[in-house]
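Participant: A single structure is presented below for examination.
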DNA sequence: ACACTTAGTGTAATAAAAACACTTTAGATA
DNA sequence: TATCTAAAGTGTTTTTATTACACTAAGTGT
């Protein structure tokens, strides 16, 4: 009996994606309503939302699995993806409701389920969600209440990872269209970091980032002074970025 | 045939620990020589080194598994541990040599092996390695050549994670005895970041860190001016640390 | 007493951060 | 076509952080 504890098992592995989007106002998350999926079970209604996840295939790398899951949901390839943590608590998905769901998915409800967490950044305006309005939609991050499973924990962990990443690398662009304004970029920083920034100081700071290229092109069709458009040059960024070894503490 | 690719399997999960230590000169890694372990196989000599790893038990959380693995090797508890990445390439451990090793370990050589990578920081002077000189020892990180499996890749990834962490949080102390000198701390930063730092500027910088508490106590028995000793106050750090939300970009 | 070794200290110049308010330019509207 | 509205764009001053740089102090060993 005692050695049951030291048994070795092969758990079930899946990938869960926290998909961040930005709509010029809010940081949003793509959530899936389980209700529709389980309609066939009739009397069981799982009336709550989950992140997007799926198991990995036998010969599939984790990054490939994450890209596949994103592609299936959004039709997009080459999305910015970052693995941030593993969720493997032995009691994960062992609540009665979760077990029902596992059975419903054709999975062994007694199997241990380990999830590798990824976060994705996508430019919302590139996406037309095939499933939108059915069971998939965007939700502002600060309006999200209780999610299924341990997905609130995964979401919080993803947000923290995103914040840290944003403070160390220029990834805000990934949430914006190819051409963007400095106000949009500032708002990205503000919604991710949950703070407000001074416009002049922000612009002074980004003007030092040589990989931010101003275009001879302006916003069109806005009822106010149109803003200049910028693009992010990955090439210049890669060329000029300071290696971690150059940092001084 | 085609759908074999989309088969779902339950891979084998293990935890690999990159154990960092510091001896006032070098950043060291604890490595295990597989040779001894496999002596019983007689004709097969695996003459190379690996990180410390093991499978997880059925009801064991990943962090607990990592702590257990460290405890078994060093006899230490409450070690600083940080999960940094998952290594799951489908062809991992599929070289002939690796398969032999898996068979030798009583594992299915066809099973997919996924490793969750942790790095540990330990104060070397606290450790008396039971296995030291037998098949476990410290190696300066810049002298490490070819390791078994994909452990060079895991090591590089761990080092990068450690560097990033060090630039964002005060964790250098974890590699030092409770009471340490500023020169020791500076050297920790230097060996981890692979750079050299100006002594006066370093001291100016750390003097701003309120959680670094000077003691009324000096080094003893050194053949030069003895240095003042400091301790790290986690309490003050937690109280005064700026939340990610306070950062300005 | 002298040699050796590492600890410990200050200043000036440059760069970055923070705080702060008004003018410009387009579309919308009357 | 004059006026309104809304966001874009811009500069200065103060404070704080970074960088570069060289000598004296305090112990042990001989």
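Please treat every number below as a calculation from the coordinates, not as lab data. All figures in this text were calculated on a predicted structure; none of them were measured in a lab. Because the Cβ atoms are built from the backbone with ideal geometry, glycine has one as well, and the counts that use them run over all protein chains shown.
Participant: To the nearest whole percent, what portion of all C-alpha pairs in region B:178-246 is separated by more than 15 angstrom? Write out the running numbers ahead of the final one.
Facilitator: Working: 1446 of 2346 pairs.
Within region B:178-246, distances greater than 15 Å cover 62 percent of Cα pairs.
Participant: Working only with C-alpha atoms, what are the Rg and Dmax values of region A:114-202, expressed in angstrom?
Facilitator: Reported Rg and Dmax, both Å: 14.6, 46.
Participant: Between residue B:183 and residue A:215, what is the label-to-label distance in nm when each label sits 7 Å out along the Cα-to-Cβ direction?
Facilitator: 5.8 nm
Participant: Looking only at other chains, what is the average number of their beta-carbon atoms within 10 angstrom of each beta-carbon in A:88-94?
Facilitator: Mean inter-chain Cβ contacts per residue within 10 Å come to 4.
Participant: Please compute the modelled spin-label separation between residue B:58 and residue A:23, points set 7 Å along Cα→Cβ, answer in nm with one decimal.
Facilitator: Taking the two extended label points, one gets 4.7 nm.
Participant: In whole Å, how far is the Cα centre of region B:211-231 from that of region B:84-114?
Facilitator: 48 Å
Participant: Okay, moving on. Could the peptides A:9-17, A:206-214 be put in order, highest first, of the mean number of other beta-carbon atoms found within 10 Å of their residues?
Facilitator: Values: A:9-17: 21.7, A:206-214: 13.6.
The packing order, highest mean first, is A:9-17, A:206-214.
Participant: Right, another one. Can you sort A:218, A:225 from fewest to most other Cβ atoms within 10 Å of each residue's own Cβ?
Facilitator: Placing the least packed residue first, the sequence is A:225, A:218.
Participant: Sticking with this structure for a sec: Over the C-alpha atoms of the protein assembly as shown, what are the Rg and the largest Cα-to-Cα span, Dmax, in Å?
Facilitator: 25.2, 81
Participant: Counting only helical runs of four or more DSSP H residues, what would the 222 nm mean residue ellipticity of chain A come to if each run contributes -39,500 (n - 2.57) and the total is spread over all its residues?
Facilitator: Values: 7 runs with 71 residues, N = 249.
Mean residue ellipticity at 222 nm (helix-derived): -8500 deg cm²/dmol.
Participant: Here's a follow-up. Please build a GNM for chain B, connecting alpha carbons under 10 Å apart, and tell me which residue among B:167, B:93, B:176 fluctuates the most.
Facilitator: Residue with maximal mean-square fluctuation among B:167, B:93, B:176: B:167.
Participant: Here's something else I'd like to know. Give me the tail of P(r) for region A:86-166 as a percent: Cα-Cα pairs with distance above 23 Å.
Facilitator: Roughly 37 percent, once rounded to a whole number.
Participant: In whole angstrom, how long is each semi-axis of the equivalent ellipsoid of region B:2-168, when you take the square root of 5 times every eigenvalue of its Cα gyration tensor and sort them from largest down?
Facilitator: 26, 20, 15
Participant: I would also like to ask the following. What is the packing order of peptides B:143-149, A:181-187, taking the mean over residues of other C-beta atoms within 10 Å and listing the highest first?
Facilitator: A:181-187, B:143-149
Participant: Please figure out what share of the DSSP beta bridges in the protein assembly as shown is antiparallel and state it in percent, rounded to the nearest 5. Kindly include the intermediate steps, with their values, before the conclusion.
Facilitator: Numbers: 54 of 76 bridges.
DSSP beta bridges in the protein assembly as shown are roughly 70 percent antiparallel.
Participant: Here is a further query. Over region A:96-249, what lengths in whole Å, largest first, do the semi-axes of the equivalent ellipsoid take, defined as the square roots of 5 times the eigenvalues of the alpha-carbon gyration tensor? All intermediate terms of the calculation are to be shown ahead of the outcome.
Facilitator: Working: eigenvalues 269, 91, 42 Å².
Values for region A:96-249, descending: 37, 21, 15 Å.
Participant: When the chain is fully extended, how far beyond the present Cα-Cα distance does residue B:104 get from residue B:153, taking 0.36 nm per residue of separation?
Facilitator: Result: 15.3 nm gained on full extension.
Participant: Calculate the FRET efficiency for residue A:135 and residue B:77 from the Cβ-Cβ distance with a Förster distance of 35 Å, rounded to the nearest 0.05.
Facilitator: With R0 = 35 Å, the Cβ-Cβ based efficiency is 0.15.
Participant: Please tell me the relative contact order of region B:2-168 in percent, rounded to the nearest whole number, where contacts are Cα pairs under 8 Å and at least six residues apart.
Facilitator: That works out to 34 percent.
Participant: Could the peptides A:97-106, A:49-58 be put in order, highest first, of the mean number of other beta-carbon atoms found within 10 Å of their residues?
Facilitator: A:49-58, A:97-106
Participant: Inside 10 Å of the C-beta atoms of B:81-87, what's the mean count of C-beta atoms belonging to other chains?
Facilitator: Across the residues of B:81-87, the mean count of other-chain Cβ atoms within 10 Å is 3.
Participant: Sticking with this one: Classify region B:164-211 from the C-alpha gyration tensor, please: rounded if a/c falls under 1.5, else prolate or oblate depending on whether a/b exceeds b/c.
Facilitator: In terms of gyration-tensor shape, rounded.
Participant: Give the average, rounded to an integer, of partner chain Cβ atoms located within 10 angstrom of each Cβ in A:59-67.
Facilitator: Mean number of neighbouring Cβ atoms from other chains: 4.
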